[in-house]
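The values are calculated or read from the model by the stated rules, or taken from the named source; none is laboratory data. What you see is a predicted model, and the numbers here were worked out from it, not measured in a lab. Positions of Cβ are generated from backbone atoms using ideal geometry, with glycine treated the same way; all protein chains shown enter the neighbour counts.
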Amino acid sequence: MTAVTNAPPNERSHGGQAPPPPKRRRLGDLKVAMIFLLPATIGFVVFYIWPTLRGAYLSFTEYSLLEAPKFNGLDNYDRMIHDSFFWNALVVTLEYVVINIGVQTVLAVAIAMVMYRLTRSITVRAAILLPYLVANVVVALVWYWMLDFQVGIVNQGLTWLGIDPIAFFGESNWAIPTIAGINVWRHMGYTALLVFAGLQTIPAYVYEAAEVDGAGEMKTFWRITLPLLRPVLVMVLVVTMIGSFQIFDTVAVTTRGGPINSTRVIYYYIFERAFTRFDFGYASAMAMVLFVILAIVSLLQIRLLRAKESDLA
Amino acid sequence: MRKQLSVGRILAWAFLIILLLLTLFPFYWMLRTALSNNTALAGNPSSLLPVETTLGAFKRVLGLSTIEEAQAQGGSGASVNFWLYLRNSVVVATITTVCQVFFSAMAAYAFARLRWPGRDKVFAVFLAALMVPPIFTTLPNFVLIKNLGLLNSFAGIILPGAFMTPFAIFFLRQFFLSISRELEEAAMIDGAGHPRIFFGMIIPLSAAPIATLAILTYINSWNDYFWPLLVGQQENVRVLTVALGVFRSQTPQGGPDWAGLMAATLIAALPMIILFLAFAKRITNSIGFSGIK
């Protein structure tokens, strides 16, 4: 281990900026690095890179798991265009994402603002984070019970208020909003903590200046807090939205796609195609489309909301 | 002006308190239902206290009561053994966490503390994997695990997550970068090699972030449903989340065993709640920008 190099003050700077060093120096710690990277690289190649390539290939094949995949060109994609279940799945997923992310983001910003103004208590923050640490499956089942048509506590409460009980999971119009709401309950605390962390990056002098200028609460929020929070909000939106598109667990243990396809979200439809019909090629093609959709959504958000630039500059 | 402000504060407090109640109530309701007698539940759906308080539901899902006892309290009588599923979850989450964190730490060391050509490019490639949605790699991974004959084995459930995740490497690299290089150089002059620096210096100095990452990894692995559902259906390797799904689908449509179901969800949730309470401060504070996941 003779490769003692003098570190530049900035650790993140690239290694190769100095004039061409002798070979030994140029390779640096390559040998040691290879040993340290070996396990992670095996995992990365076998369970990330290889399946990504294989998934792309499978999307152009007919594959039932029983015999080798048969290349069939763009057939899967052609089939997808004419598959009304696929389009329904996309629409249902989109409906879910819009409700889930819309409600969750507004609530999270509200919660973060309220916490920011009222309390830094770690107990409060921990309490609102708690649902996020419990499995999706657990959360789904608890709400499945609480929202039960006959004996669920929520419908008991509605009846007590004089409202007719609602078949939250049994009626097509209610199923997606219900599932979206359940996941808002699970994620809003976590999202609020991300926004809360963002609020703390806004320097106090900006608020002081606003106060001196006589700006009221609302005006300060719309004109100062929200614009300065934008880079954080974009990151939060990208991350939560990518997660939201992948809704599966809640559907799988409650409605299983029903009633009448109203909750057959794209992830669930892919799962059904692959694991109950053994239609792996078609399922891979749909996963590919989902991949592309997610990439476009993230890029658009980052572009449209100019994530990198802060208004504070 | 001052009065208006205080009205606003009262409203804000009210909002926060309602929110906390909404957040915590389902946990209470889980407990209340789990401690109830299922046959009596339907008659008293809005009682805030357990109905005919009993540990029957827990005994039932832990496989400790006879079929007759279970059916008398509204259970389905099907044999369920959440002890076994609990053990399976512990096995899967523990091995996954230990391997994933350790191997990711090794990789993070190579990316943060060693100098070699192409380092930052390789790191970027690792990070890019964060962009690929899990379902896309899950289908081929299932084929791979199936071809390896590892369906319904712990190895099959654990392997894909055992080596690394891009997030874990990214997370640890950040902390490793912040350790001063002088310390490392002093150790090297004393003749310490890389293994000694890694185990004797970097890991102890990063104990706090490593612990945070390990806790988060454990929770995620414990809560995972999709992958174990695909590769670990059989009872001997079935983890809690999968078992809950099965239990829910076995429950009769007419008179579901709600008490049993809630007892089972509590068994699945409680270890994570305890883990969280023990490390609440550490976990809560870790949710910031490095915590985006």
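Descriptive notes on the structure:
- Of all residues making up region B:145-158, the number that are under 16 Å from A:Trp50 (Cβ atoms) and in contact with a helix residue (DSSP H, G or I) (Cβ under 7 Å, 6 or more places away or on another chain): 2
- Answer from A:Thr263, A:Thr254, A:Thr276 - the residue that is hydroxyl-bearing (Ser, Thr, Tyr) and surrounded by fewer than 17 Cβ atoms within 10 Å (Cβ to Cβ): A:Thr276
- Residues of region A:30-59 classified as surrounded by 19 or more Cβ atoms within 10 Å (Cβ to Cβ) and of a type in the set (A, V, I, L, M, F, W, C), total: 8
- Of all residues in region A:140-166, those satisfying the criterion of being more than 8 Å from chain B (Cβ to nearest Cβ) and surrounded by 20 or more Cβ atoms within 10 Å (Cβ to Cβ) are A:Ala140, A:Leu147, A:Asn155.
- Considering residues of region A:32-89 that are among the polar types (S, T, N, Q) and free of Cβ contacts under 8 Å to residues at least 24 places away in the same chain only, the residue nearest to A:Ala287 (Cα to Cα): A:Thr52
- Residue in region A:97-122 that is nearest to B:Ile219 (Cα to Cα), counting only those that are within 8 Å of another protein chain (Cβ to nearest Cβ) and either in a helix (DSSP H, G or I) or among the small types (Gly, Ala, Ser) (or both): A:Ile122
- Residue within region B:211-220 that is at the interface with chain A (Cβ under 8 Å from one of its Cβ atoms), under 18 Å from the mean Cα position of the chain (by Cα) and within 21 Å of A:Val251 (Cβ to Cβ) present: no
- Considering region A:233-248, the residues that are within 26 Å of A:Arg117 (Cα to Cα) and in contact with a Leu (Cβ under 7 Å, 6 or more places away or on another chain) include one that is modelled with the lowest pLDDT, namely A:Val234.
- Among (1) more than 9 Å from every other protein chain (Cβ to nearest Cβ); (2) not in a helix (DSSP H, G or I), the one test that B:Arg115 misses: (1)
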